[in-house]
Amino acid sequence: MTTNNVIIKRRLTKGCPQGSCCGPGFWNVLYNSLLNLDLTSHSKAIAFADNLMILISRETVIEAENYMNLEVRKILEWAINNKPKFTENKSKVMLMSCRRRREKKEREIYVNNKILKQFNSLKYLEIIFDSKLTLRGHVKYTEEKCSKLIFLLSRSAKITWGLKHEAMKTIYTGGILPLLLYGARLEKCVEQVLLQSLINLRIANSYRRVSNEALCVINGIIPINIKTEETGKFYQIRKGIGTQYDREMEMESWNHPATHVKIIEEYEDSSHPIQAYTDGSKNDLGVGAGIAIFLDSNLTATLK
């Protein structure tokens with residue numbers, strides 16, 4: 001480092017310089033040796049930047065505990081040789097199981113000769129996982145984040161002043177929709193539909209009793225359950241699993257129904273002697289309905 005014509009040098013023996021152009025590359029070289037450790041066939045190591053996750057899959061809880069302690073010892077030996085440090089304060093353990101049998105679920109996983117604290121849920125890459133793999137915690141976390149953003153926007157989008165339709169739609173597409181789709185489940189989620197309904201009301205400046213499906217048509221927005229399915233299929237294609245993908249199309253490119261839908265009128269001959277015709281209408285007195293009954297093509301009775 002050079003400062004005021006003074007050069008300070010220090011030899012680095014561990015870690016990587018943060019903020020440098022070559023830092024990410026050096027870190028990948030260092031961490032790649034950790035991912036290439038000779039782990040058992042029941043284990044899998046996943047890393048993102050400096051976040052490391054070890055997954056163990058076994059039939060019983062005791063087997064999973066033994067294999068986890070075995071893999072942790074291998075990782076700690078790697079850390080001694082390469083000088084990174086894993087602390088027990090930043091390490092967490094969670095047992096994921098859908099079994100209903102009664103068994104001791106408190107496991108003893110050791111890091112630096114200390115037992116790690118066990119949790120029922122943990123956040124990894126902004127996704128909250130729970131011990132039952134229901135993702136309810138993540139849905140609630142996303143709902144709270146989006147609700148705060150929507151209610152803040154509602155202060156700036158009133159009926160006669162504030163943010164206009166185009167600005168609100170841009171904020172939804174760039175700010176709220178990515179939050180709803182990140183880590184979303186493929187099945188229809190009620191919380192996501194309610195959140196989309198709230199922002200749709202702000203975009204269209206509409207009444208609360210208007211359905212979310214109608215608001216999506218008015219605002220030109222894809223329903224959230226269809227958008228979630230589309231995102232899931234696109235992810236499968238990127239991983240080489242799926243082959244079909246329906247991408248979003250602008251409204252200007254939609255086919256007009258009048259040029260592609262053919263209406264066919266058919267009249268079915270009926271041999272029944274009694275025929276009834278109904279109709280409804282609205283006037284100043286309210287909404288009413290009427291019925292006309294024919295017998296052998298002759299009007300016999302009318303009701304309203």
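Starting from the 7 Å offset along Cα-to-Cβ, what nm value, one decimal, do you get for the label separation of Ile7 and Ile46?
4.7 nm
Counting other Cβ atoms within 10 Å of each Cβ, which GluC sites (Glu not before Pro) in segment 34-116 have at most 15 and sit in a DSSP loop?
Passing sites in segment 34-116 are Glu59, Glu88, Glu103, Glu106, Glu108.
Give me the percent relative contact order of the chain, please, defined on Cα pairs under 8 angstrom at least 6 residues apart.
Once normalised by length, the contact order is 7 percent.
I'd like the Karplus ³J(HN,Hα) series for segment 170-176: coefficients 6.51, -1.76, 1.60, θ = phi - 60°, whole numbers in Hz, and an x wherever there's a Gly or Pro.
Ordered by residue, 3J(HN,Hα) equals 5, 5, 5, 5, x, x, 8 Hz.
Pick from Gly220, Gly137, Gly290: which residue has the top mean-square fluctuation in a GNM of the chain where Cα pairs under 10 Å get a spring?
Gly290
Whenever you get a sec, line up Phe234, Phe48 from highest to lowest accessible area (probe 1.4 Å, protein heavy atoms).
Largest accessible area first, the list is Phe48, Phe234.
Estimate the FRET efficiency between Glu166 and Glu230 by the formula 1/(1 + (r/R0)^6), using the beta-carbon distance for r and 25 Å for R0, to the nearest 0.05.
Once rounded, the FRET efficiency stands at 0.65.
What FRET efficiency comes out for Leu194 versus Tyr110 if R0 is 45 angstrom and r is the Cβ-Cβ distance? Round to the nearest 0.05.
0.50
Below 8 Å between Cα atoms, with a sequence gap of 6+, how large is the relative contact order for segment 1-131 in percent?
About 17 percent, as a whole number.
How high is the FRET efficiency between Lys262 and Lys148 when r is their beta carbon distance and R₀ equals 45 Å, given to the nearest 0.05?
Once the sixth-power term is evaluated, E becomes 0.40.
Taking the Cα centre of each part, how many Å lie between segment 185-225 and segment 16-42?
So the two Cα centres are separated by 43 Å.
If you add up the charges near Lys14, with Lys and Arg at +1 and Asp and Glu at -1, over every other residue whose beta carbon is less than 11 angstrom from its beta carbon, what do you get?
Summing Lys and Arg as +1 and Asp and Glu as -1 gives +3.
According to a simple spin-label model (label point 7 Å from Cα along Cα-to-Cβ), what is the distance in nm between Cys98 and Ser297?
6.5 nm
Under 16 Å Cα-Cα from Lys44, which lysines qualify once same-chain neighbours fewer than 8 residues away are excluded?
Partners within reach: Lys74.
In this model, which of Lys262/Lys304; Lys92/Lys239; Lys104/Lys148; Lys169/Lys282; Lys140/Lys233 are farther than 32 Å apart at the alpha-carbon?
Lys262/Lys304; Lys104/Lys148; Lys169/Lys282
The values are calculated or read from the model by the stated rules, or taken from the named source; none is laboratory data. Everything numeric in this text was worked out from a predicted model, so none of it was measured. Ideal geometry is used to build each Cβ from the backbone, glycine not excepted, and the neighbour counts take in all protein chains shown. When the accessible area is computed, the model is the full protein with side chains, heavy atoms only, and any ligands, DNA or RNA have been set aside. Shrake-Rupley method; radii C 1.70, N 1.55, O 1.52, S 1.80 Å.
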